[in-house]
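Scroll down for the structure; my scribbles are underneath it.
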Amino acid sequence: MNKYNHKKIESKWQKKWKEDKLYKTGQDKKKPKYYVLDMFPYPSGAGLHVGHPKGYIATDIFARMKTMQGYNVLHPMGWDAFGLPAENFALKNKIHPRISTDKNIATFKKQLGRLGFSYDWEREINTTDPEFYKWTQWIFLQMFERGLAYESHEPIIWCPSCKTGLAQEDLENGRCERCDSEVERKPMRQWVLRITDYAERMLNDLDKLLEWESSIKEMQRGWIGRSEGVEVQFQITNYTRQASTSKLQIDETIKVFTTRPDTLFGATYFVMAPEHPLVKKITTKEQKTEVEKYIKFAGSKSELERTELAKEKTGVFTGSYAINPVNSEEIPIWIADYVMMGYGTGAIMAVPAHDERDFEFAKKYNIPIKPVVVPYFEANGDMKEKVREDMPTKKRNVIYALVKNSKTNKFLLIKWPEYKCSTYVVGGIDEGENIINAGKREVLEETGYKNLKFIKEIGSEVHVNYYAMHKKENRYAIARCMYYELENEERDEISEEEKNKHKAVWVSEDDVDKDMTYGNIIYFWKIFKKGEEYFTGEGININSDFPDEVLGNTKTPETGAFDGSEDCYPRCGIQTCHSVNSIAHSKEYVKNSNGVEPAEGLEPSNHKMTNLYSHHAAGTSTPNLLYQENKNITKSLNGLTTKQAKEKMIEWLEERGLGKKAINYKLKDWVFSRQRYWGEPIPIIHCEKCGAVGVPEKDLPVKLPNVKEYAPSGTGESPLVNIKEWVNTICPKCGGQGKRETNTMPQWAGSSWYYLRYIDPKNNKALVDKKKEKYWSPVDFYVGGAEHATRHLIYARFWHKFLYDIGAVNYEEPFKKLRHVGLIMAEDGRKMSKRWGNVINPDDIVEKYGADAMRVYEMFMGPFSQSCAWSTNGLVGTRKFLEKIWGVKSRIKNQESRIKDDLNRLLHKTIKKVGDDIKEIKLNTAVSAMMILVNALEKEKEISNEVYEKLLLILSPFAPHIAEELWVELGNKESVFKQKWPKYNPELIKDEKIQLVVQVNGKLRDTIEVDVDIFEDDAKVKALESEKIKKWTKSKEIVKIIFVKGKLVNVVVK
RNA sequence: GCCCGAGUGGCGAAAUUGGUAUACGCGAGAGACUUAAAAUCUCUUGGUGGCGACACCGUGCCGGUUCGAGUCCGGCCUCGGGCACCA
């Protein structure tokens, strides 16, 4: 037999398939449909590298299998050919983008052709084709007519190198994604699409997309960035704050957006973005110079400085004050560039006690920090009640040991599984130091910093985990605590020596007073010092929801903070010292706010701690608010979860007309114009009399004029401005003088709807025939790079929903199942790029090893969505696999030869596995299953035609050329792709005999061959009969025997 | 900093609802064929100890649950991806 010559057979079949129109989309309306789509490529000048086709191979496999399974499959390809890179490439090489684009497309198409894809090229589309972009323009017009496309003059992001405005999404680390230059803000007339109108729907409908990867859905959620809160009105009225301050006649209301209205009581200042329109009006004479200087300074910062690099907060006082509506407090108004005009109202109320940024700012400018800590407990209402009821009695015998002088950053975590919460005990153990040994449950050993072994279990339901923090960040709130649950008698077992050794101060919850104050439990604690008798010393009340509040406390009686008297506010002293509910609970805060000295070693907590506490620890009441005017509202907020407190505050504010519920999105309206040449012209005519007028539908498409000079003008206007004969036109409304819009659309325009056009690519009456759309939509399976998760996929969903709303399409979501393809890295582990000189061209691989080998290899490399480094060595393996298949053909004997039973079973298992794996895009294991089958065939002297044919059928989607060649060589007249996908026999995929695993205490000791359906008792007997097992069970007591059907027997011995 | 995902041989990676860890492929070693090499074929290939049968250890680290954990739970570490002054 001849050798496997991929070059000969691949070009032969590619030609034949084209001639036969084998991949023309099926039209049989009785069949079910399946729409398999790739994200269409942008045809760059560099051509394809081996990474590009990975996704196309997967969809091709899918499409071929679906066709064989009897579906009408739509599997098209096209070109996303407008956009900046094409234009920049054209400029650099002095070729018109029309020409270079067409050339690139031809190259791409040729390269793709060599890989043997089953695209229906009759449906090819190209976004730069006027017959295509006619409909892109049409969609824009529909939006324009409905007010979804509007002109704006706000400053936008401007790339000085690309000489065009960009959308926020086009940035990467504050730089232009395309050319990596620093971008600036520039006021610019531009077209904007009101995508925010669809934010809520796009967010909600994510839940309906069951076959999308959850990571992509998460990204979209983050991108839309919905937050719920309230808009609160702050008054600025005319008054004189100080004699030295000039009197301003202002009567303004400024709105702020906040997600934490429950912290309103802690607002100590107010900030506006430097660009805020009211800034001028509220700046006093005295502050004018400073403010103007600052605005200039802030304006000069580039986008990069303002976000990435500007860690230091800056700002300046305006001289005016706003009135906090909840307590009528006057708070100073500052301007600072950490508040941005683009989000919310461009102004905030600043609560330094509860916001890191505000805290930083307040610290820098010496603004008071005032905490509002609303107690809450992360459990639902019922659970909370249950805790309240159970806690005091259950925890009667709790002893907390507080150990002083900690320098390490460790603490313990105590889980209370029944309450679904945890207690974090801050602190830990110093190196080389033993911790108190406390009776029988004590398992604590100090063996050095990294090898702490902790209490395995304290009590039946309490688990303790060791929690080590970064040593480098030596700045946690440190209160070295240990928690033990002991019986009364057991306490006595702790020796005096041990107690002394650790200078512990013991705090005991001897008695619990269930008196509820402001929704909290008041625990009655007795404090006593080391060396003193247990349960003596003075008792104090601690206002606390939960014992962990006390656990974190480092204040000891010795320092005098707890003097035991009711009105020294001991509870606050304790609580503020430990409750790391916010950064406010730092040394600084405690000092500033209520004069209670924090305990030694108590440092500002970092985020991690803050989060732990704010999620798990109960909060505290707020000392300086409880006794102020707003007693009632703070009182009623006490004992609520943050969420409940928030809602209550909103209610409270709404009742008084001070604010109302509001929702904000990070998603901003889509800046839709580009000041460049190579894009779809925006179909608008500007008329002095009528304003912006849409081009009538009959005049579409507005063709992009073919010009010689297409370099960007640099004035911020599109090069189209200079083409007078194109720009000057007639206003379609009044017939007067009109000028065409010269901005063009961004690259994302065409890609936002292209998938619809494949359904009906030649239609000149509508963008798609609605009946056809009903049949083919939605896209059943969509594959592309993850980099499109937040742009293309958001834009396309937005346009699709809009088209649905105007009745142009039948379904609300365009893509049913979405998978992203993992990158193929170069052999050196870097991205394939000209820059590194590590690009592998598929043409070379196809030439040397064949398209089939490459296709199979790319699928075999690893999990489909995972990125993976290319290895030409690895490719050799799949080539050998194909050669083996080629080789075993010579062993086919006459049709009558009986198939060996175990081989037949393997065949059917493989058919099942390959089918299932393709469906789940686990193509690497599908290939490996076929390899196993082929290895088995190789061992046979003769194989039957039937087995071989079925192998070719399941191989054909992966390696279409070789499969077709061998299929025809077997004497078949019709293409392998016209065959039915083989069915497996469910009877045959079950084994009759299995290797039953026999374990002793969970360790494998023997395997015995038994019937699959062996009865439990028989299996057990057989297992115990085994000599190897006897060895292990001899002179041991058999406790029990576990039997898992079809799997194993486990003998448990003692 | 926040949010996702992932850590398994020399390498790419497998492993149904917890049930024989390392399938399949690459690489490496030994052998066969050959004058020789390449190609091809056969065998070996997680670690340690042992002549050996075999034993012990082993899926990033520390614990937990279980008869049994790569898989489940808690924590940590590292790497990758996304977001990032979003109030």
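The values are calculated or read from the model by the stated rules, or taken from the named source; none is laboratory data. Source: prediction; values computed, not measured. Please note: Cβ atoms are built from the backbone with ideal geometry, for glycine as well, and neighbour counts cover all protein chains shown. These accessible areas exclude ligands, DNA and RNA; they are computed on the full protein's heavy atoms, side chains included. Shrake-Rupley method; radii C 1.70, N 1.55, O 1.52, S 1.80 Å.
Okay, residues lined up against (1) touching a residue at least 40 places away in the same chain (Cβ under 8 Å); (2) within 12 Å of RNA strand B (Cβ to nearest atom); (3) open to solvent by 40 Å² or more (accessible area, probe 1.4 Å):
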{"position": "A:PHE1015", "(1), (2), (3)": "no, no, yes"}
{"position": "A:ALA1019", "(1), (2), (3)": "no, no, no"}
{"position": "A:GLU1027", "(1), (2), (3)": "no, yes, yes"}
{"position": "A:TRP1032", "(1), (2), (3)": "no, yes, yes"}
{"position": "A:GLU1037", "(1), (2), (3)": "no, no, yes"}
{"position": "A:ILE1042", "(1), (2), (3)": "no, yes, yes"}
{"position": "A:GLY1046", "(1), (2), (3)": "yes, yes, no"}
{"position": "A:ASN1050", "(1), (2), (3)": "yes, yes, no"}
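Summed over region A:1000-1013, the residues that are part of a loop (DSSP other than H, G, I, E, B) and more than 7 Å from RNA strand B (Cβ to nearest atom) give a count of 2.
Taken together, the residues in region A:655-676 that are surrounded by fewer than 24 Cβ atoms within 10 Å (Cβ to Cβ) and either of a type in the set (S, T, N, Q) or in a loop (DSSP other than H, G, I, E, B) (or both) amount to 9.
Highlighted here are the helices (runs of 4 or more DSSP H) found entirely within region A:833-889 that include at least 1 residues which are under 36 Å from the mean Cα position of the chain (by Cα), within 11 Å of RNA strand B (Cβ to nearest atom) and among the hydrophobic types (A, V, I, L, M, F, W, C): A:851-860, A:872-888.
If we scan region A:982-999, do we find a residue that is in a helix (DSSP H, G or I), under 15 Å from A:VAL914 (Cβ atoms) and hydrophobic (A, V, I, L, M, F, W, C)? The answer is no; no qualifying residue exists. Residues in region A:934-961 that are in a helix (DSSP H, G or I), more than 14 Å from A:ARG891 (Cβ to Cβ) and within 16 Å of RNA strand B (Cβ to nearest atom): how many? So the count comes out to 2.
Look at A:PRO160 and say whether it is within 16 Å of RNA strand B (Cβ to nearest atom) and either touching a Cys at 6+ places or on another chain (Cβ under 8 Å) or open to solvent by 40 Å² or more (accessible area, probe 1.4 Å) (or both). When the stated conditions are applied, A:PRO160 does not pass them. Residue count for region A:167-182, restricted to those that are more than 13 Å from RNA strand B (Cβ to nearest atom) and either of a type outside the set (D, E, K, R) or open to solvent by less than 30 Å² (accessible area, probe 1.4 Å) (or both): 3. Among the residues of region A:801-852, those identified as in contact (Cβ under 8 Å) with a residue 60 or more places away in the chain, acidic (Asp, Glu) and open to solvent by 50 Å² or more (accessible area, probe 1.4 Å) are A:GLU812, A:GLU847.
Selection of first residues in region A:902-918 that are touching a residue at least 24 places away in the same chain (Cβ under 8 Å) and of second residues that are part of a helix (DSSP H, G or I) and open to solvent by 10 Å² or more (accessible area, probe 1.4 Å), restricted to Cβ pairs under 7 Å at least 6 apart or on distinct chains, gives the following pairs, ordered by first then second residue: A:LEU903/A:ALA936; A:LEU906/A:ALA936; A:LEU907/A:LYS950; A:THR910/A:ALA929; A:ILE911/A:LYS950; A:VAL914/A:ALA929.
When region A:85-124 is filtered for residues that are open to solvent by 10 Å² or more (accessible area, probe 1.4 Å) and closer than 14 Å to A:SER751 by Cβ, only A:PRO85 remains. Put simply, of A:GLY78, A:GLY116 the only residue that is at positive phi and in contact with a helix residue (DSSP H, G or I) (Cβ under 9 Å, 6 or more places away or on another chain) is A:GLY116. On the given criteria, is A:PRO732 touching a strand residue (DSSP E or B) at 6+ places or on another chain (Cβ under 8 Å) and open to solvent by 40 Å² or more (accessible area, probe 1.4 Å)? Yes; evaluated as a whole, the condition is true for this residue. Determine, yes or no, whether A:ILE921 is surrounded by 18 or more Cβ atoms within 10 Å (Cβ to Cβ), more than 8 Å from RNA strand B (Cβ to nearest atom) and not in a helix (DSSP H, G or I). Judged against the criteria, A:ILE921 is a match.
A residue that is open to solvent by 50 Å² or more (accessible area, probe 1.4 Å) and not in a loop (DSSP other than H, G, I, E, B) occurs somewhere in region A:66-73. Selection over region A:17-38 of residues that are open to solvent by 90 Å² or more (accessible area, probe 1.4 Å) and part of a helix (DSSP H, G or I) gives a count of 2. With a requirement of 2 or more residues that are under 23 Å from A:ALA149 (Cα atoms), the strands (runs of 3 or more DSSP E) lying completely within region A:712-793 that satisfy it span A:728-730, A:737-740. A residue that is more than 35 Å from the chain's Cα centre (by Cα) and open to solvent by 30 Å² or more (accessible area, probe 1.4 Å) occurs somewhere in region A:908-917. If you go through region A:241-279 and keep only what is out of contact with any Phe, Trp or Tyr (no Cβ under 7 Å at 6 or more places or on another chain), modelled with pLDDT of 90 or more and either away from RNA strand B (no atom under 16 Å from the Cβ) or among the aliphatic types (A, V, I, L, M) (or both), you end up with A:MET272, A:ALA273, A:LEU278, A:VAL279.
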